[in-house]
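What follows draws every value from the coordinates through simple rules; no lab data is involved. As the structure is a prediction and not an experimental result, all values here were calculated from the model. Don't worry about glycine lacking a Cβ; one is built from the backbone with ideal geometry, like all the others, and counts go over all protein chains shown.
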Amino acid sequence: MKTISVLGSTGSIGIQALEVARMHNIKIKALSGNKNVKLLEKQAREFLPEYVCVYDQNSYKDLKERLFDTDIKVISGMDGLCKAASLDGVDMMLNSVVGMVGLLPTLSAVEKKIPVALANKETLVAGGNIVMNLAKEKNTPIIPVDSEHSAIFQCLQGNDRKDLNKIILTASGGPFYGKKKHELENVGVKDALNHPNWNMGNKITIDSATLMNKGLEFIEAKWLFDLEPSQIEVVVHRQSILHSAVEYKDFSIIAQLGMPDMKIPIQYALLYPKRLPSPAKRLSLTECGALTFEKPDYATFECLSACILAIKKGGIYPCVVNAANEAAVEQFLNGKVSFLKISELVIKTMEKFPYSEPNSYSDIENADKAAREYAISLI
Ligand code: MG
């Protein structure tokens, strides 16, 4: 069986990945979390990895003391994350950390030719060309974990890539589906965290409410599958049963369906190309009811429009919209800005920056930092 490293093991994807690992006896070489030392300790004692990384440097001592009676090495910070991502002897690194923080560990793994199961979409949004160029150069696969991208990846199997017309990226529409802009003026954090179908971390749940998540996925798909923006169609599908589809030249559409359960795409990435029983629930087509499809409301959900514009403009713009959004969502979760302010900050920040093409990690880091600072200065 495989040996993997799991970055972001205390988050929603990481916890479910460990469930998959438990079921299929996948060995864990490294675990990492942000600062939830209690859960990290519990996971470490169960899976006995060689390394555990706690990203938050202030939590290092605490975790080290908790694991003093074991042989597990405790590391921390960005250096620790990159080490955990690129250890010798692992078959795959699952990157499920939240935000831009995930970019450098992805590059570290690819540099060592370690295949990456990617659940950190910001990696490709901010550093798409750099990551994909390096992956090509190192001949190292990047396998998507995001449910939509996993669906597309699955629908591409066994077909000739040059016969592809377009992909159909489905969106649940989030908790504010059907609402117009003026109805969203007073929505609170609790309303936005109330997602109809998926149970996820806070940042991605807010991104789902603004449809920023779909915008980030649009950009992610462009890089993962080497597409033109005109080859990506976003379709609102309220039931989250059809996880995305592809259309071929002959106008055949092939889709992947299943329960809205992340354990299916996580397992597909970890065991690819094998298919084994999964810990997810089984979908019954006769019980799931009608499936509906419609166009998104781009005028209300401006974050989605902003992301599509950003990838059409290219250069640093995807990185800029992502950074502005990360800063804005943090402020929204802290009660500092309103819900509608999130898209306003994203758009205004994009308008502020002149075009430039990032050629290195430090170009991206600089653009990210400047965009965050500018977005915060507007509050
Ligand atoms: Mg998704």
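Tabulated values for the structure
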item: Euclidean distance of C-alpha centroids, segment 68-88 and segment 315-335, integer Å; result: 29
item: The chain: Rg to Rh, with Rh as the Kirkwood radius over Cα pairs; result: 0.95
item: Cα Rg, Dmax, segment 28-86, angstrom units; result: 9.7, 26
item: Projected label distance in nm at Glu357 and Met259, using a 7 Å step from Cα toward the beta-carbon; result: 4.8
item: Estimated FRET transfer efficiency when R0 is 56 angstrom, pair Glu294-Asp69 (beta carbons, to 0.05); result: 0.50
item: Computed [θ] at 222 nm, deg cm²/dmol, the chain (DSSP H ≥ 4; -39,500 (n - 2.57); rounded to nearest 500); result: -14000 deg cm²/dmol
item: Largest-first ellipsoid semi-axes for segment 3-145, taking √(5λ) over the Cα gyration tensor eigenvalues, angstrom; result: 24, 15, 13
item: Nonlocal amide H pairs with Gln239, under 5 Å, H built at 1.01 Å; result: Thr292
item: Computed Kirkwood radius, in angstrom, where 1/r is averaged over Cα pairs of segment 314-379; result: 11.6
item: Relative contact order computed over segment 3-145 (Cα-Cα under 8 Å; 6+ residues apart), in percent; result: 21
item: Calculated Rg and Dmax of segment 48-118 using C-alpha coordinates, Å; result: 12.4, 34
item: Karplus-derived 3J(HN,Hα), 6.51/-1.76/1.60, for each residue of segment 74-80, Hz, glycine and proline x; result: 9, 10, 7, x, 5, 4, x
item: Out-of-range pairs (alpha-carbon distance over 25 Å; input Lys136/Lys312; Lys166/Lys369; Lys35/Lys203; Lys113/Lys369); result: Lys166/Lys369; Lys113/Lys369
item: Distant-in-sequence amide H partners of Asn165 (H built 1.01 Å from N, under 5 Å); result: Glu247, Tyr248, Lys249
item: Between segment 279-303 and segment 31-46, the Cα center-to-center distance that results, in Å; result: 34
item: Antiparallel %, DSSP beta bridges [both residues in the chain], to 5; result: 25
item: Fully extended contour minus Cα-Cα distance, from Leu156 to Lys181, at 0.36 nm per residue; result: 5.3 nm
item: Spread of Cα-to-Cα distances over 5 Å intervals beginning at zero, given as percent, for segment 273-348; result: 3, 13, 16, 14, 10, 8, 12, 16, 8, 1
item: Dipole axis of segment 197-351 (+1 Lys, Arg; -1 Asp, Glu on Cβ), positive-most option in Asn325, Pro229, Gly314; result: Asn325
item: Cα-based radius of gyration of segment 179-232 once divided by 2.2 N^0.38 Å, which approximates compact folds; result: 1.37
item: Overall form of segment 139-263 per C-alpha gyration tensor (a/c, 1.5; a/b vs b/c); result: prolate
